[in-house]
Amino acid sequence: MTNTSNGKYPTFAELQQRNGNLAGTSWGLFPDETRGTPSFISPHAVLQARDCIRAGTAFGLDYAADAFDPGMSLKRGAPRHTIYSSHPAHRDDYLDGYFLQGSTQIDGLRHRRADDVGFYNGTPDDRVEAGTPELGIQGWAEEPIVGRGVLVDLDGYRSAHGSSIDHAAGEPLTLDLIHSALLEQSVALRPGDILMLHTGWCEWFLALSHGHKQDLRESRRATGIAQSHEFVAWAWDNQLALVAADNFALECLPAVPDSPFKNTAPNDHGMMHQQLLAKLGMPLGELWKLGPLSRYMRSTGNWDALISIKPLNIVGATGSPANATALV
């Protein structure tokens, strides 16, 4: 029998043996059932993460709220910023059209509903609406996600080996590539780690002309992790708290032709967001600003940092700007 009270959890293979709608899910396994995989970060792991601070340097990991204008999303636009004054000594401001996932973001657990079993922990559909707290991003705002972050420099690895990532084609990035980069960096993962995948996509995209950005958006192609059961199992079995990347959707777009999730996630056309968010409770980070941090880490040979993620405290939000900081 699995004991979750002392931090021992089923393997991914064992999750598949759970009964009924629980099969393949982490529903009900964590002490706080709504927190998801950030529960893997123990107080001891947070204290250990202090050792990642070697120089006392901080890196902000968020792009500007209006950086992706246009971006890859067909619906999210850039916010409009207005400053107003009530008298000569006063200034105040507000945003219109602010899509909470329009730039650097963290996906909350209500961002995706699994087509076959529903929202995380079996949360009823009618409890996932504006103003209701169930699975809302406010849980991670009130108790931020803080721990050891590990950056895997996929862009640097591929460039060093003479084969740059093909962002124009929306190249799928395999688990084998992640393994190879980790091995070359001599980094070992620990339970509760925050995984950051540096692909170079954001810097590549932001350097394109306005017209090329629009063309890429219409093509619906973007570099990302190739969909596979193996990646999902690896992320769970390593007890990752969160997976983030500097690309549009974390995973590649469109899904690979042989995606194993085409039948279970038809509304997402075989993407694995539903498996990670709605079934495992694993938050995802997208459009993170990882270039400067990656270059610094390569110069030092140290690939870990203390990471703090503090979403906006908006009750019931499906996602939020990541408000992520790396201390190295």
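The values are calculated or read from the model by the stated rules, or taken from the named source; none is laboratory data. The structure presented is a predicted model; accordingly, all values stated were derived computationally and were not measured. FYI the Cβ positions are ideal-geometry reconstructions off the backbone, even for glycines, and counts take in every protein chain you see. Protein only, heavy atoms only, side chains kept; ligands, DNA and RNA dropped before computing areas. Shrake-Rupley method; radii C 1.70, N 1.55, O 1.52, S 1.80 Å.
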Near-label residues of the range 22-56 by backbone N, under 11 Å of a point 7 Å along Cα→Cβ of Ala188: none
Charge dipole magnitude, Cβ of K and R +1, D and E -1 - the range 92-223, Cα centre, debye nearest 20: 340 debye
Sorted by average packing, counted as other Cβ atoms within 10 angstrom per residue and highest first, what order do 15-26, 104-115 take? 104-115, 15-26
Output wanted: per-residue J couplings in Hz (rounded whole) for the range 276-289, from phi through Karplus 6.51 cos²θ - 1.76 cosθ + 1.60, θ = phi - 60°, x for Gly and Pro. 6, 7, 7, 9, 9, x, 9, x, 10, x, 9, 6, 6, 8
Among Ala226, Ala49, Ala169, the residue with the largest mean-square fluctuation in a Gaussian network model of the chain built from Cα contacts under 10 Å is Ala169
Accessible surface, per residue, of the chain when the full set of protein chains is kept, probe 1.4 Å, Å²: 44 Å²
Counting only protein heavy atoms with a 1.4 Å probe and every protein chain in place, the carbon and sulfur fraction of the accessible surface of the chain in whole percent equals 50 percent
Which three semi-axes in whole Å describe the equivalent ellipsoid of the range 153-217, each the square root of 5 times a Cα gyration tensor eigenvalue, listed largest first? 26, 14, 10
Taking the radius of gyration and the Kirkwood hydrodynamic radius from Cα positions alone, what is the Rg/Rh ratio for the chain, to two decimal places? 0.96
Quick one: what are the phi-derived ³J(HN,Hα) couplings along the range 208-219, Karplus 6.51/-1.76/1.60 with θ = phi - 60°, whole Hz, x for glycine and proline? 6, 5, 4, x, 5, 4, 5, 4, 5, 4, 5, 6
For the range 196-328, what does the equivalent ellipsoid look like in terms of its semi-axes, each the square root of 5 times an eigenvalue of the Cα gyration tensor, given largest first in whole Å? 24, 21, 16
Whichever lysines have a C-alpha closer than 16 Å to that of Lys213, once near sequence neighbours (fewer than 8 apart) are set aside: Lys75
If packing is taken as the average number of other Cβ atoms within 10 Å across a peptide's residues, how do 53-60, 244-251 rank, most packed first? 244-251, 53-60
Per-peptide average of other Cβ atoms within 10 Å, ordering 120-129, 256-265 highest first: 256-265, 120-129
Karplus ³J(HN,Hα) for the range 168-184 (6.51 cos²θ - 1.76 cosθ + 1.60, θ = phi - 60°; Hz, whole; x = Gly/Pro) runs 4, 8, x, 4, x, 10, 8, 5, 4, 5, 4, 4, 5, 5, 4, 5, 5
Specify, per residue and in Å³, the volume enclosed by the convex hull of the alpha carbon atoms belonging to the range 95-164. 198 Å³
